[in-house]
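The values are calculated or read from the model by the stated rules, or taken from the named source; none is laboratory data. The structure presented is a predicted model; accordingly, all values stated were derived computationally and were not measured. With ideal geometry, Cβ positions are generated from the backbone for all residues, glycine too; neighbour counts draw on all protein chains shown.
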Amino acid sequence: MTESKLSGKGLISPAPQNPSCESVARKDIEQLLTADQARELFKVQDGKLVNLVRRGSRAMPGMFAGSPNSDGYLRVKINNVAFRVHRVIWLITYGEWPEGQIDHINGVRDDNRIENLRAVSVVGNQQNQHMRVDNTSGTTGVRLESGAWTAKIRVRGKRLHLGRFKSLEEAAAARKSAELLYGFHPNHGRTDSERRNGAKSFGTHSIMRSA
């Protein structure tokens with residue numbers, strides 16, 4: 001059985017003292033792991049990382065790697081440095097780290113199949129968000145205010161007022177038209193249950209790879 005002592009075999013550079021995704025910039029962390037190193041440690045199978053070598057008593061060859069974080073994303077620790085699983089899968093698949101953020105197209109944060117991942121800017125990621133749990137209208141950006149249904153949308157940090165309407169249907173239509181105009185993903189505004197029930201639907205946008 002193969003066992004990897006990562007820093008000892010040169011598969012990854014020594015980690016900084018007390019490393020964490022919160023205290024060290026993401027790019028600084030990702031410089032510690034190359035595509036070749038990642039491919040020595042894992043293979044990708046159906047959107048999951050599978051250990052190729054023994055990385056400890058709880059990380060044996062053939063076992064899935066990664067555990068859920070409090071934000072719903074999967075993380076894997078390599079030499080005591082935490083990496084997000086979806087970004088490692090991107091690295092192994094394309095041979096490079098994504099330049100920007102990774103958007104889970106169907107909104108399911110632990111669905112790391114490569115066809116469900118796309119590299120996007122911060123703005124692009126914000127345009128494929130789930131509906132807030134405190135939404136009461138059933139449409140993102142629409143609410144009842146002073147007896148009228150109002151529709152709003154936030155584009156590149158600026159909130160735009162789309163109008164006041166007599167009916168919820170009119171306000172929802174205005175909001176959906178604005179989402180189409182400003183390039184929001186078709187999955188934007190779906191509830192978590194809708195996203196999970198339709199987890200195999202990736203919408204009409206193409207999968208994008210960073211340059």
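Against the criterion of being surrounded by fewer than 17 Cβ atoms within 10 Å (Cβ to Cβ), assigned by TED's automatic domain parsing to the domain that holds LEU33 and of a type in the set (Asp, Glu), ASP110 does not qualify. In the set (1) free of Cβ contacts under 8 Å to residues at least 12 places away in the same chain; (2) assigned to a helix (DSSP H, G or I), ARG87 fails one condition alone, (1). Selection of region 138-181 for residues being in a strand (DSSP E or B) and among the basic types (Lys, Arg) yields ARG143, LYS152, ARG154, LYS158, ARG159, ARG164. Got at least one residue in region 143-163 being at pLDDT below 90 and either in contact with a helix residue (DSSP H, G or I) (Cβ under 7 Å, 6 or more places away or on another chain) or among the aromatic types (Phe, Trp, Tyr) (or both)? Yes. The set of residues in region 49-76 that are assigned to a strand (DSSP E or B) and either surrounded by 13 or more Cβ atoms within 10 Å (Cβ to Cβ) or touching a residue at least 12 places away in the same chain (Cβ under 8 Å) (or both) comprises LEU49, VAL50, ASN51, ARG54, ALA59, PHE64, ALA65, PRO68, LEU74, ARG75, VAL76. Checking every residue in region 114-136 against the condition of being closer than 15 Å to PHE42 by Cβ, surrounded by 14 or more Cβ atoms within 10 Å (Cβ to Cβ) and either of a type outside the set (A, V, I, L, M) or under 13 Å from the mean Cα position of the chain (by Cα) (or both) gives at least one match. Cβ separations smaller than 6 Å between residues 6+ apart or across chains give the following pairs from region 129-152 residues that are touching a residue at least 24 places away in the same chain (Cβ under 8 Å) and within 20 Å of LEU180 (Cβ to Cβ) to residues that are assigned to a loop (DSSP other than H, G, I, E, B) and among the hydrophobic types (A, V, I, L, M, F, W, C): THR140/MET131. Taking LYS77 as the residue in question, decide whether it is of a type in the set (Lys, Arg), at pLDDT below 95 and assigned by TED's automatic domain parsing to the domain that holds GLN45. So LYS77 passes the test.
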